[in-house]
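The values are calculated or read from the model by the stated rules, or taken from the named source; none is laboratory data. What you see is a predicted model, and the numbers here were worked out from it, not measured in a lab. Here Cβ is always computed from backbone atoms with ideal geometry, including for glycine, and neighbour counts include all displayed protein chains. Note: areas computed on protein heavy atoms with side chains; ligands, DNA, RNA excluded. Shrake-Rupley method; radii C 1.70, N 1.55, O 1.52, S 1.80 Å.
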Amino acid sequence: MRYLALPLIRAAYKPLLVFFLFATLSLSFCQISYCFSLQGDSEHYKRLRYKMVDKQIAARGIDDESVLGAMRDVPRHLFVPKKKRGSAYGDFPLPIGYGQTISQPYIVALMTELLKPEKNDVALEVGTGSGYQAAVLSQIVKKVYTMEIVPPLGKAAEKRLKEVSYKNIEVKVGDGYYGWEEHAPFDCIIVTAASDHIPPPLIKQLKKGGKMAIPVGGPFQVQSLMFIEKSEKGEIKMKNILPVRFVPLRRKWK
Ligand code: SAH
């Protein structure tokens, strides 16, 4: 019996070692990918995102492929507070802290499409909030400059954008009413907080042939999403797009 067991153990020793090594490695691989799926994107969220684009965005008439592609790519759930991730792909805005909100996905897509962004464009966003709108725009254009008046929101968005690897976005904490002179003029300007008038510095910083989307109206009124175009001669044309509800463009924080 002893004589029989010894060669058997010898023969089985190597395959068993390989088996245990393989089992240990695949277990660690599963653990690592599970961690990644929690921190980052996952098939589950990707499915929700594709459904969001079909049902809420394309179904309402947005047909610019670059906008639809950006909305499919940017992991919106990473831009909302952790406990709200389950609702990140719903057809509504969500609170992001400090009394501010991340806009409804359809409004983000609509405002982006209005700007007819192109790959060599330089864009300015006023109202960084979570950084989501900047991330969507950054998928299409060359560079996005974005300004936020609430310091902790601006800093958190900057950190988040770095973690999710958006390299063509620069965040600045400050009053976006005055724009960002140093990088002007801009091909497109998007304002994601409502003002009772269109800030003149933003009109000035818009390039000839440039486009702007901005909600106009008071905080307790129905506001109007306006589309503004500056002609090659520098003339301003305005168009009323639809009634919207945005948080107010503030002139100071606290
Ligand atoms: N675009 C954001 C949501 C915007 S909510 C996103 O994708 O998440 C509007 C944001 O505008 C808020 O974060 C608010 O603090 C900011 N804001 C208000 N007034 C501002 C101003 N004067 N300059 C810059 N940001 C401003």
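Using the Cβ of Met238 as centre and a radius below 14 Å, the other residues enclosed give a net charge of +2, where K and R count +1 and D and E count -1.
Would the range 44-244 count as rounded, prolate or oblate if I go by the C-alpha gyration tensor, calling it rounded below 1.5 in a/c and otherwise prolate when a/b exceeds b/c, oblate otherwise? Rounded, because the longest to shortest axis ratio a/c is under 1.5. Take the Cα of Glu43, step 7 Å toward its Cβ, do the same at Asn240, and the gap between the two points is 4.9 nm. Shape of the range 134-254 from its Cα gyration tensor (a ≥ b ≥ c, root eigenvalues): rounded if a/c is under 1.5, otherwise prolate when a/b > b/c, or oblate? It is oblate, given that a/c is not under 1.5 and a/b is not larger than b/c.
Here is the list for the range 63-122: trypsin sites (Lys or Arg not before Pro) lying in DSSP coil, each with at most 16 other C-beta atoms within 10 angstrom of its C-beta, are Lys119.
The relative contact order of the range 44-244, computed from alpha carbon pairs under 8 Å that lie at least 6 residues apart in sequence, is 14 percent. Taking the protein heavy atoms of the range 101-161 in the context of the full set of protein chains, the accessible area attributed to carbon and sulfur is 49 percent at 1.4 Å. Stretching the chain fully between Asp54 and Asn168 yields a gain of 38.3 nm (0.36 nm per residue, less the alpha carbon separation). Taken about its Cα centre, the range 65-191 carries a charge dipole of roughly 680 debye when the Cβ of each Lys and Arg holds +1 and the Cβ of each Asp and Glu holds -1.
Modelled spin labels at Lys208 and Glu65, positioned 7 Å past Cα toward Cβ, are 3.3 nm from each other. Under the combined filter of DSSP loop state and at most 15 neighbouring Cβ atoms within 10 Å, the range 135-173 retains these trypsin sites (Lys or Arg not before Pro): Lys142, Lys167.
Think of the range 44-244 as a dipole: +1 on every Lys or Arg Cβ, -1 on every Asp or Glu Cβ, centred on the Cα centre; then among Ser103, Gln223, Ser165, Ser165 lies furthest on the positive end. Per residue, the range 44-244 exposes 46 Å² of solvent-accessible protein surface, assessed with a 1.4 angstrom probe and all protein chains in place. Seen through its C-alpha gyration tensor, with square-root eigenvalues sorted a ≥ b ≥ c, the range 51-159 comes out oblate because a/c lies at 1.5 or above while a/b is not bigger than b/c.
Under a 5 Å amide H cut-off, with hydrogens placed 1.01 Å from N, Glu170 pairs with Val144, Tyr145, Thr146 among residues at least 5 apart or on other chains.
Within 11 Å, Cβ to Cβ, of Ser195, how many net charges do the neighbouring residues add up to if Lys/Arg are +1 and Asp/Glu are -1? Once positives and negatives cancel, what remains is +1.
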